[in-house]
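**Q** Quick one: the structure is below, questions incoming.
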Amino acid sequence: EALKFSDEMISKVRGKIGLLQKVLAWPFIKLKISPNVISVIGLILALIGVYFVSQQNWLLAFVFFLLAPTMDLIDGTVARALKKGSNWGNYFETMIDKIVDFAMLGSFVLIPGLQVAAVLALGFSMLSSYAKPRVALIIIADNHDWPAIGEHADKLIIILIVLLLASFGLNLIEYGLYLIALIAAIGTIQRMGYAKKLIARAEKKGTLLPYIKKKKER
């Protein structure tokens, strides 16, 4: 019953997010703006946010770091509405997302006293992000959700909360960055453990990638 309740809650949340995506995407659809252009707009907004972080203008940094991922939220909706979805577009959008992540976390390196926390947050986030696609070089992998913390949304929420608090005079940014580093480190370990299970399962089923099979046969 608890699992059923959880699934129902997730479905409701996804439904609300889907409605929000449609509302936000509507003007871009009407203007027929390419989804790739929307992704680039998101990157530009993130870079503007980086500038405001460097100026320690926390409120404007919060605004632009909120707007940047909003573009990521709607580009897929626009692509489907305009029938401009493509494999390259999917890849391009994902790469832009990672650049935005890098820009947002990396921006705090510009602030004296935050360099260590920022580097740790950025480094562990990159490790966490790499753990999932790396397994696709060994087995056939899809894009299903992995059971781990430290996802993009988790880190974004922490960044936005600490920036908003800092704009009101409560500067907890360093603690927020250390928290991101911690959950990303835990998430990396969780992903490695899950990858081990997927690889073991593929070995039993004989579904390793062809070049891996050839190596094992030699």
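**Q** Return the residue satisfying two criteria in turn: it lies in segment 1-30 and is at pLDDT below 90 and either β-branched (Val, Ile, Thr) or not in a helix (DSSP H, G or I) (or both), and of such residues it is most open to solvent (accessible area, probe 1.4 Å).
**A** Glu1
**Q** With the requirement that a residue be open to solvent by less than 20 Å² (accessible area, probe 1.4 Å) and basic (Lys, Arg), what does segment 99-137 give you?
**A** none
**Q** So Gly89 fits all but one of (1) open to solvent by less than 60 Å² (accessible area, probe 1.4 Å); (2) outside any helix (DSSP H, G or I); (3) not basic (Lys, Arg); what number is the exception?
**A** (2)
**Q** From the list Thr94, Thr70, pick out the single residue that is of a type in the set (Ser, Thr, Tyr), in a helix (DSSP H, G or I) and within 30 Å of Thr207 (Cα to Cα).
**A** Criteria check complete, one pass: Thr94.
**Q** Separate question: Of the residues Ile183, Ile161, Ile173, Ile149, only one is open to solvent by 20 Å² or more (accessible area, probe 1.4 Å), more than 17 Å from Ser129 (Cα to Cα) and β-branched (Val, Ile, Thr); which?
**A** Ile161
**Q** Next up: How many residues are of a type outside the set (Val, Ile, Thr) and closer than 15 Å to Ala136 by Cβ if we restrict to segment 198-211?
**A** So the answer is 7.
**Q** Tell me which of these Ala148 doesn't satisfy, since it passes every other one: (1) of a type in the set (Gly, Ala, Ser); (2) touching a Lys or Arg at 6+ places or on another chain (Cβ under 8 Å); (3) part of a helix (DSSP H, G or I).
**A** (3)
The values are calculated or read from the model by the stated rules, or taken from the named source; none is laboratory data. All values reported here derive from a predicted model rather than from experimental measurement. All Cβ positions, even for glycine, are placed from backbone atoms using ideal geometry, and neighbour counts span all protein chains on display. Each accessible area value is taken on the protein alone, full model and side chains, heavy atoms only, with ligands, DNA and RNA left out. Shrake-Rupley method; radii C 1.70, N 1.55, O 1.52, S 1.80 Å.
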